[in-house]
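The values are calculated or read from the model by the stated rules, or taken from the named source; none is laboratory data. Predicted model, so just to flag it, every value in this text is computed and none were measured. Glycine gets a Cβ as well: all are built from the backbone with ideal geometry, and neighbour counts include every protein chain shown. Surface accessibility is based on the protein's heavy atoms, side chains included, excluding ligands, DNA and RNA. Shrake-Rupley method; radii C 1.70, N 1.55, O 1.52, S 1.80 Å.
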Amino acid sequence: MALAVTTGTCVNPTDICTPQEADLGFFSKGDCVMTRSSFFQGHEWLTSFANDALPPDDRFTREEVHAIAEGNRRVDWPKELLVHLNAGVYSYVRALTEYTDRNEVQRMHFLLTDTNQSAEAARDANETVRALTRAAARDWIPARARALSELGKASHVIQDSFSDAHTFRDRDHASRPWCIQRVKAFRPRKAGYERYTDGAEVLFHGGSTDAHGNSLSEDSIGHTTTKDSIYRPGRDCNDPTTPGAVEACLNDFAKRARDATRDYLSLARRVVRTPASGADLDAVVDQEIDAFITEHLSLCPDAPQ
């Protein structure tokens, strides 16, 4: 989840909102000049790398992975909000900001609402992945385009769960490395809900803590933060463009997100190929998703509830 009005670049400055052609070598950077920054290509790159990592017979086709990536990107940039551009860029930004602050949207980004705690937020996000996967499995034959979009949306939730801006994962946990210790917040918390159940201050999107454990926000305009970047630090990774260069620049969080997306796309391939239907198909999805959550989306055993 990110919004910025100052970091984008484009070839033609007057080209305010012409959709860009998506290419696996140079993925679309958004609809508008404000989003055409390498910073916002992360979800699409991770989806592409994840698909490429599958065995050839299990990969989605080029057209299918484009549709999955488009569904993924539309979680951050809903098409229905583009109508606000009729009233100008400012109107669009205001509508997008209002949309991203809604409580019901936070689960799509693996984030807290203004009142809940990590366990509830994780449960809501994980159930969103389950519901989208069930829908994609049912839609695969009658509505293939919609199914691919649903897989993309689920991939977005999964990938956001690995962003250091969205969760604090304990990479060195004794019993479950990379488990989720805390889910962070994007929107302001209501009075009385500023702390986790263990008394620690709620962490915010892009924020960190000082020596005393107090929350510090590192967000710039519109909550854009380097903690959402897929790139590791280094001059050689300021603006990689080719697939090989981008993958070589992935930071540890992005690598884990790529691998989890690979496992999810493999799961998706299995469930859309199953001959089951109706409740039996849902049961197949549930079994797969339960195992996936345990492997990639679970809270640490000692996480505050």
Packing-based ranking, highest mean first, of 291-299, 277-285, 152-160 given that Cβ atoms within 10 Å are counted | 152-160, 291-299, 277-285
Kirkwood hydrodynamic radius of segment 51-116, from inverse mean 1/r over distinct Cα pairs, in Å = 14.3
Which lysines does K255 reach when only Cα atoms under 23 Å apart count, and residues fewer than 8 places away in its own chain are ignored?
-> K29, K153, K184, K227
Take the alpha carbon atoms of segment 104-139, find their center, do the same for segment 238-305, and report the distance between the two centers in whole angstrom.
-> 14
Solvent-accessible heavy-atom area per residue, rounded to whole Å², over segment 104-167 at 1.4 Å | 31
Roughly speaking, to the nearest percent, how much of segment 223-305's 1.4 Å accessible area is carbon and sulfur?
-> 48
In whole Å, largest first, what are the principal axis extents of the Cα atoms in segment 127-179?
-> 45, 22, 13
Rolling a 1.4 angstrom probe over the protein heavy atoms, how many square angstrom per residue are accessible across segment 231-300?
-> 49
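Tell me the carbon and sulfur percent of the accessible area for segment 152-195, rounded to whole percent, probe radius 1.4 Å.
44
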Taking every pair of alpha-carbon atoms in segment 119-207, what share in percent sits in each 5 Å bin, from 0 to the bin with the longest distance?
-> 3, 13, 18, 19, 16, 12, 9, 6, 3, 1
